[in-house]
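The values are calculated or read from the model by the stated rules, or taken from the named source; none is laboratory data. Fair warning: this is a prediction, and the values are worked out from it, not measured in the lab. Ideal geometry is used to build each Cβ from the backbone, glycine not excepted, and the neighbour counts take in all protein chains shown.
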Amino acid sequence: MTQVAAQPTPLERFNGHAFRVLLDCLARPGKIGQLPSPPFSGAPSVSNSKEPNLAAVAACMSLLDQTVSFVQAVDADWMAADHPLTRWITLRTNARAVAPALADFALFHDPSCLALIGELKAGTLLEPEHSCTLFVCVPGIAVDADVTLRLTGPGIKDVAGVGLPGLTQPELVALAQRRPFPLGIDIFVIDQHARCLGLPRTTQIELVMN
Amino acid sequence: MGYVAVRGGSEAVARAEELVACLRLLGGSTPLQLPQIRDQLRHAVSRAMHEGALYAPLLAALAVKQAEGDSIEAAFLLRAYRTTLPRVIASLPVSGRDMLCLRRISASFKDIPGGQILGPATDYLIRLLQPTLADEDVAAVAQAAEQYARLVEMGGRRSGEWGCFPKVADYMRQEKMIVDIPAEPVSSDPFDITREPLTFPCPRSARLQAMAQADTSSLMSFAYSSVRGYGDAHPTLVELRYGYLPVQVAHPLTGEAITIGEIEATEAEVASKAHSVVNSNEPPRFNVGYGFAFGQSELKVMSMAILDSVLTQARAGSLSGESGPAADEEFVLLHCDGIEASGFVAHYKLPHYVTFEADLRVLDRARDHVAQRPTRLGQLVDQALEEQV
Amino acid sequence: MSEKIDQLYNFALLDEDAKREIRRKLLKAVALPGHLVPFASRDLPIARGWGTGGLQITLAIITPDDTLKVIDQGDDESVNAVNLRRLIGRTTGVATTTDTASASLIQTRHRIPEEPLRADQILVLQVPMADPLRWVEPNLERATAMHSESDYGKMWVYMYESVVRAGDLRIASQYPVMVNRRYLMDTTPIPRWDVPKLHMAETLYLFGAGREKRIYAVPPYTLVEPLQFEDYPFRTEYQPDQRCARCGAEQVFLTTHFVPDASGGRWVSTCSDAAYCAKRLAEAEALL
């Protein structure tokens with residue numbers, strides 16, 4: 001068969017593969033997906049002491065363009081529109097940096113930012129899809145042991161267990177707080193090994209007390 | 001190898017494509033050249049451009065040729081090509097005031113500032129076939145050029161100069177006869193129905209865009225229904241103009257307006273008899289509908305302008321009496337696109353034997369149901385009779 | 001032609017922005033099972049109503065590593081399936097297959113394959129009419145409001161009337177279902193036989209309506225319940241004595257067609273899933 005199209009560039013290839021991982025994770029909450037290696041390096045630091053989780057930044061950026069907006073947070077606080085990393089993302093995606101209540105996408109660089117989750121938009125009854133998609137960076141996602149969350153809902157056969165070591169009790173409580181369906185925030189939790197957990201608004205999250 | 005399906009869909013599709021390609025030339029006549037189509041089938045080219053939503057006369061001529069003159073197919077070819085093009089920049093707003101008019105008429109006033117210019121109009125032609133066209137030769141081209149030069153000179157002598165004219169609608173706005181241009185939330189980018197889904201209620205700009213790329217005949221039917229009796233439209237043509245419009249963009253660095261070319265276009269405004277109250281302090285005014293299309297496309301822009309005015313009034317709740325289907329924004333905008341409508345109507349040519357089989361099973365059950373009904377009724381009657389006994 | 005001119009188009013035809021929009025909307029569709037998500041729906045080189053919605057989803061999610069299967073009426077060789085496969089093949093170069101089990105991505109019109117689909121597969125359905133409420137409320141503005149409030153009373157009345165008149169819901173294919181007990185959803189014209197395959201399934205189902213400009217999804221392990229009355233339960237087309245005249249399968253969806261033979265010809269029922277039927281025949285032959 002005659003080919004009439006070019007093969008994808010490395011960035012397009014990443015975006016395509018990353019999307020399939022995100023889609024799979026969101027369709028199957030509790031399943032841990034492995035994101036591909038980020039197609040770039042050299043992103044500015046988040047703060048003096050913190051480098052960004054490049055897998056999470058790249059996964060979020062794979063969905064950004066001039067028609068959508070985003071917001072970032074670190075150390076339980078929103079990042080300014082002129083933060084070097086915000087400008088870096090804007091320059092590469094054309095997405096607008098906006099106030100939290102307007103953002104189509106949010107990128108939390110550490111779990112302490114989960115305290116801010118209530119400020120993100122959750123959609124309306126007429127347009128529940130106009131809600132924020134949130135990427136949260138965490139130190140690790142435990143695959144077998146140390147279950148801290150018990151998940152039920154669409155995409156889960158009976159019940160799924162997952163561990164988020166290093167998250168404080170208030171952080172886990174903020175993560176587990178869901179709004180009345182069909183409103184809600186859809187969340188991707190991404191760890192330092194580029195592992196990804198999807199928590200759509202349909203997932204009921206129960207904290208497991210140790 | 002075991003069972004081999006006797007179907008051969010791939011083969012059939014490939015051969016069908018080849019057959020279509022052959023048929024066009026099978027008559028043995030000289031293949032058409034694109035400039036011939038562009039120049040001599042002006043209206044077919046215009047229609048492909050406005051319904052295909054791409055201003056590209058030579059490409060449109062190619063589409064007309066490839067589609068063998070089928071207007072919807074030609075527009076479809078252009079549309080499918082346009083979708084692959086990047087949006088480089090949005091032009092600055094183009095104003096009809098800047099149009100170099102070949103033609104401008106108004107039905108609202110006998111005389112208008114700048115004068116009525118009939119121009120190249122087919123309206124008053126006696127529709128008799130011209131046998132002389134049948135054996136036209138190249139000499140006719142030179143004759144036409146001479147004749148054209150003479151006509152332009154005569155026209156120039158009469159009106160002093162030809163070029164830009166004030167708009168009748170501007171004068172009517174000044175005199176507070178018609179409403180001002182409706183204010184819409186100002187956004188830096190125009191609404192684009194090819195980038196954002198059309199959901200209802202939709203902004204007027206989305207409505208105008210949908211109609212600008214709509215099928216001419218569909219718009220005409222909807223507009224006709226509204227003026228004929230299934231509606232409340234009483235349009236008066238404020239102005240129709242046809243000519244050349246300069247298109248400008250802002251220089252990406254300096255912001256300076258730069259003319260990048262001109263397009264051939266037609267635009268129309270119609271005033272509706274229904275009164276519109278702008279705000280309570282002012283007396284009522286006439287509503288205005290607007291129509292625009294590439295090329296000389298007068299039927300399209302008039303239909304569009306009528307529908308725009310009907311839909312505006314329907315939204316404002318200022319229609320009186322029978323509103324009719326043409327006043328239903330969803331009904332008009334979701335059924336006026338030729339590419340979408342033709343595709344869906346044609347899709348019934350696709351195999352549907354799975355759904356038809358399912359329909360047959362339901363039909364079987366309905367038959368059983370009907371067959372059983374007398375029996376059930378009979379049982380009830382029997383039962384009632386027994387009880388009486 | 002030089003290679004450069006040959007490769008006139010982007011990988012998978014759509015530009016990256018168009019893909020991104022569809023990807024964003026797909027994520028929301030998965031998070032809102034059964035809810036109709038509007039999308040811009042680009043013009044394509046195939047006609048509206050011929051699978052442009054399913055095609056746009058496929059083109060937005062396909063990667064060079066995928067193995068693609070395209071069916072129409074359950075058949076890989078149906079003319080429209082051939083045409084779509086040709087377009088996707090020419091613009092991506094991905095491997096194609098007719099074997100359901102070997103495909104990672106399946107685009108379909110009117111059928112769900114008979115072989116159970118797995119977790120590592122995605123089924124993309126082409127949708128002609130997206131809104132199940134169109135029978136009772138063709139106006140989208142009002143229908144959207146009804147969905148937002150789960151206000152499906154009109155639909156129940158419609159069902160009741162049709163049961164009284166015809167003894168059954170008159171909707172044969174595109175049977176309406178409740179998804180996750182919240183949204184009423186159109187199942188696209190799949191026969192009723194395929195509807196239970198959507199319920200608590202292993203695989204992810206994505207739905208694209210190009211002309212109607214809507215995307216929706218049913219994630220795996222999601223409740224998908226056909227509308228039914230206690231005394232008029234949902235029934236599929238299955239008949240106890242049915243059997244494929246070719247491979248002998250009984251628990252399948254059959255279609256009827258004319259087979260010419262020496263005595264003129266006859267009408268027979270065979271599997272609509274042609275690849276499944278062929279596979280069963282090959283297996284049976286291998287045993288001989």
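Quick look at the numbers
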| read-out | value |
| --- | --- |
| Residues located in segment C:204-259, provided they are β-branched (Val, Ile, Thr) and away from chain A (no Cβ under 14 Å) | C:THR236, C:VAL252, C:THR255, C:THR256, C:VAL259 |
| Among residues of segment A:44-61, those that are of a type in the set (A, V, I, L, M, F, W, C) and away from chain C (no Cβ under 13 Å), counted | 6 |
| Sole residue being buried (at least 18 other Cβ atoms within 10 Å of the Cβ) and away from every other protein chain (no Cβ under 14 Å), chosen from A:LEU102, A:LEU107, A:LEU64 | A:LEU107 |
| Strands (runs of 3 or more DSSP E) within segment A:136-210 that include 3 or more residues within 14 Å of chain C (Cβ to nearest Cβ) and under 13 Å from the mean Cα position of the chain (by Cα) | A:186-190, A:195-199 |
| Matching helices (runs of 4 or more DSSP H) fully within segment B:26-127 where at least 3 residues are under 20 Å from the mean Cα position of the chain (by Cα) and of a type outside the set (Phe, Trp, Tyr) | B:42-52, B:57-66, B:71-82 |
| Residue satisfying condition, being in contact with a Leu (Cβ under 6 Å, 6 or more places away or on another chain) and either of a type in the set (D, E, K, R) or more than 11 Å from chain C (Cβ to nearest Cβ) (or both), within set A:ALA73, A:ALA81, A:ALA97 | A:ALA73 |
| Test: residue in segment A:35-51 that is at pLDDT 95 or above, of a type in the set (S, T, N, Q) and surrounded by 16 or more Cβ atoms within 10 Å (Cβ to Cβ) | no |
| Exclusive hit being more than 7 Å from every other protein chain (Cβ to nearest Cβ), part of a loop (DSSP other than H, G, I, E, B), of a type in the set (S, T, N, Q) and within 30 Å of A:GLY161 (Cβ to Cβ), set A:SER37, A:SER41 | A:SER37 |
| Among the residues listed as B:ALA67, B:ALA60, the single one being over 30 Å from B:ALA250 (Cβ atoms), outside the structural domain of B:LEU237 (by TED's automatic domain parsing) and surrounded by 10 or more Cβ atoms within 10 Å (Cβ to Cβ) | B:ALA67 |
| Members of segment B:121-142 that are modelled with pLDDT of 90 or more and surrounded by 10 or more Cβ atoms within 10 Å (Cβ to Cβ) | B:GLU136, B:ALA140, B:VAL141 |
| Residue that is over 20 Å from C:PRO220 (Cα atoms) and either within 8 Å of chain B (Cβ to nearest Cβ) or part of a strand (DSSP E or B) (or both), where the choices are C:ILE71, C:ILE88 | C:ILE71 |
| Extreme residue, farthest from the chain's Cα centre (by Cα), among residues of segment A:78-109 that are in a loop (DSSP other than H, G, I, E, B) and of a type outside the set (A, V, I, L, M) | A:ASP82 |
| Residue match in segment C:137-145 (condition: without any contact (Cβ under 8 Å) to a residue 24 or more places away in the chain, among the small types (Gly, Ala, Ser) and assigned by TED's automatic domain parsing to the domain that holds C:THR203) | yes |
| For C:TYR232: the one exception among (1) out of contact with any Phe, Trp or Tyr (no Cβ under 6 Å at 6 or more places or on another chain); (2) surrounded by 12 or more Cβ atoms within 10 Å (Cβ to Cβ); (3) modelled with pLDDT of 90 or more; (4) not small (Gly, Ala, Ser) | (3) |
| Pairs with Cβ under 6 Å, 6+ apart, first in segment C:12-28 and more than 7 Å from chain A (Cβ to nearest Cβ) and basic (Lys, Arg), second surrounded by 24 or more Cβ atoms within 10 Å (Cβ to Cβ) and assigned to a helix (DSSP H, G or I) | C:LYS19/C:ALA60 |
| Residues within segment A:1-16 that are surrounded by fewer than 20 Cβ atoms within 10 Å (Cβ to Cβ) and closer than 23 Å to A:GLY198 by Cβ, tallied | 3 |
| Segment C:47-89, residues that are touching a strand residue (DSSP E or B) at 6+ places or on another chain (Cβ under 7 Å), at negative phi and among the small types (Gly, Ala, Ser) | C:GLY53, C:GLY54, C:SER78, C:ALA81, C:GLY89 |
| Only listed residue being surrounded by 12 or more Cβ atoms within 10 Å (Cβ to Cβ), of a type in the set (D, E, K, R) and more than 27 Å from C:GLU16 (Cα to Cα), chosen from B:ARG15, B:ARG79, B:ARG47 | B:ARG47 |
| Subset of segment B:290-318 (residues that are over 11 Å from the mean Cα position of the chain (by Cα), surrounded by 20 or more Cβ atoms within 10 Å (Cβ to Cβ) and not in a helix (DSSP H, G or I)) | B:TYR290, B:GLY295, B:GLN296 |
| Residue that is farthest from C:GLU77 (Cα to Cα) [pool: residues in segment C:270-288 that are outside any helix (DSSP H, G or I) and more than 9 Å from every other protein chain (Cβ to nearest Cβ)] | C:LEU288 |
| Condition check for A:LYS121: among the charged types (D, E, K, R) and under 24 Å from A:VAL173 (Cα atoms) | yes |
| Selection from segment A:1-25 of residues that are more than 16 Å from C:LEU59 (Cα to Cα) and at the interface with chain C (Cβ under 7 Å from one of its Cβ atoms) | A:MET1, A:THR2, A:LEU22 |
| Given (1) closer than 30 Å to B:SER225 by Cβ; (2) free of Cβ contacts under 8 Å to residues at least 40 places away in the same chain; (3) out of contact with any helix residue (DSSP H, G or I) (no Cβ under 6 Å at 6 or more places or on another chain); (4) not hydroxyl-bearing (Ser, Thr, Tyr), index of the condition B:HIS335 fails | (2) |
| Qualifying residues in segment B:224-242 (those that are of a type in the set (Gly, Ala, Ser) and touching a helix residue (DSSP H, G or I) at 6+ places or on another chain (Cβ under 9 Å)) - the one surrounded by the fewest Cβ atoms within 10 Å (Cβ to Cβ) | B:SER225 |
| Residue tally, condition under 18 Å from B:ALA90 (Cα atoms), within 22 Å of the chain's Cα centre (by Cα) and among the β-branched types (Val, Ile, Thr), over segment B:218-273 | 2 |
| Residues located in segment C:86-126, provided they are hydrophobic (A, V, I, L, M, F, W, C) and touching a Ser or Thr at 6+ places or on another chain (Cβ under 8 Å) | C:ILE88, C:VAL94, C:ALA95, C:ALA103, C:LEU105, C:ILE106, C:LEU117, C:ALA119, C:ILE122, C:LEU123, C:VAL124, C:LEU125 |
| Residue check for B:SER221: more than 14 Å from chain C (Cβ to nearest Cβ), buried (at least 19 other Cβ atoms within 10 Å of the Cβ), part of a helix (DSSP H, G or I) and hydroxyl-bearing (Ser, Thr, Tyr) | no |
| When residues of segment C:132-162 are limited to those that are facing chain B (nearest Cβ under 9 Å) and assigned to a helix (DSSP H, G or I), the one nearest to B:PRO201 (Cα to Cα) | C:GLU141 |
